[in-house]
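Here the structure is laid out as structure tokens; the discussion comes afterwards.
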Amino acid sequence: MSITLGQYSGALKIHGVDAIKGIEIDRFERVRNGQEPLVYVGNFAATYKMMEKGYKGKSKHIGVRVWHSNVEQSDIQGYRHLNRILPKLTQDAPTNVKFCGVKLLEPDNDEGFIVRKKLQPALRMDWVDGVNFDVYLKSVVRSKDYSRQDKILIYRNLKSLILELARFMKSQQVSHGDISSGNIMIEMKSRGEQIHIVDFDSFYTPEISNLAVGTPVILIGSIQNTSRAIFLSKEKKRISVHFY
């Protein structure tokens, strides 16, 4: 039976940072003027914003992601694989592109989120101090600080970065599986816009497909230079489309 979001939040309110094992948490963020933990909720998972203890006492924001639906073994195996490959992808990626780092907290390793005296799997995620891709574009359009020429230059730079990212992912034979404005974060740096890729629930590599519990039901060849693999989950009867 899956753990509800209320049960996760309740565990945080009762046990505080001791509810998290496997990483050192300084504190969790709360909703403004309240005691409820600050959490961002998705269809299958939710992310709590926390402060992780860092080197020489310097804390930094991270996300701790939990599943409030049943977790398939393929999800666990996939994130175990991502622990290894995401740092390498960021290292080799085009300048100003980063893949948000994740670490799987596994109950078998005495890690995770304690709910009702039992460890549940969780993810430690890098926190991005930026905004969603579409939000950033809208802010540029509405801004009076940029000239028309400045805005055109920003759009061209972002278009170039996205195309370069697509070519890189194709060369690495990897697919995000859910590239959308919500999963592309823009952070402003002194050298320009930094693109962060987040949310890897549908991430695909040949290695992950070999680990997956889901059964390949069909492979579609080159369609307008796009390769796709469709997997049907045995447990959730769910179809995911992976492309690059």
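Please treat every number below as a calculation from the coordinates, not as lab data. None of these values were measured; they are calculated from a predicted model. Note that each Cβ is placed from the backbone with ideal geometry, even for glycine, and that neighbours are counted across all protein chains shown.
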Descending principal axes extents, the stretch 87-218, alpha-carbon based, whole Å: 56, 38, 27
Mean shadow area of the stretch 154-200, taken as a quarter of the surface of its Cα convex hull (nm²): 3.5
Relative contact order computed over the stretch 5-126 (Cα-Cα under 8 Å; 6+ residues apart), in percent: 24
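Find, among the GluC sites (Glu not before Pro) in the stretch 1-53, those assigned to loop by DSSP (not H, G, I, E, B) with at most 16 other beta-carbon atoms within 10 angstrom. It would help to have the intermediate numbers written out before the result.
Working: sites: 24, 29, 52; in loops: 24, 29.
Passing both the DSSP loop test and the Cβ count: 24, 29.
Quick one: order 204, 146, 136 by neighbouring beta-carbon count within 10 Å, fewest to most. Don't jump to the answer; show the numbers that get you there.
Values: 204 24, 146 15, 136 20.
Ranked by crowding around the Cβ, least crowded first: 146, 136, 204.
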Alpha-carbon centroid distance for the pair the stretch 174-208 / the stretch 1-19, whole angstrom: 28
Diffusion coefficient, µm² s⁻¹, Stokes-Einstein with Kirkwood Rh over alpha-carbon pairs of the stretch 118-177 at 37 °C and 0.692 mPa s: 224
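If you add up the charges near residue 81, with Lys and Arg at +1 and Asp and Glu at -1, over every other residue whose beta carbon is less than 15 angstrom from its beta carbon, what do you get?
Working: positive: 80, 84, 88, 103; negative: 72, 75, 106, 201, 207.
Cβ neighbours under 15 Å give a net charge of -1.
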Rg in Å to one decimal, and Dmax rounded to a whole Å, for the stretch 5-126 via C-alpha atoms: 14.7, 45
Gain on full stretching of the segment that runs from residue 138 to residue 43 - 0.36 nm per residue minus C-alpha separation: 31.7 nm
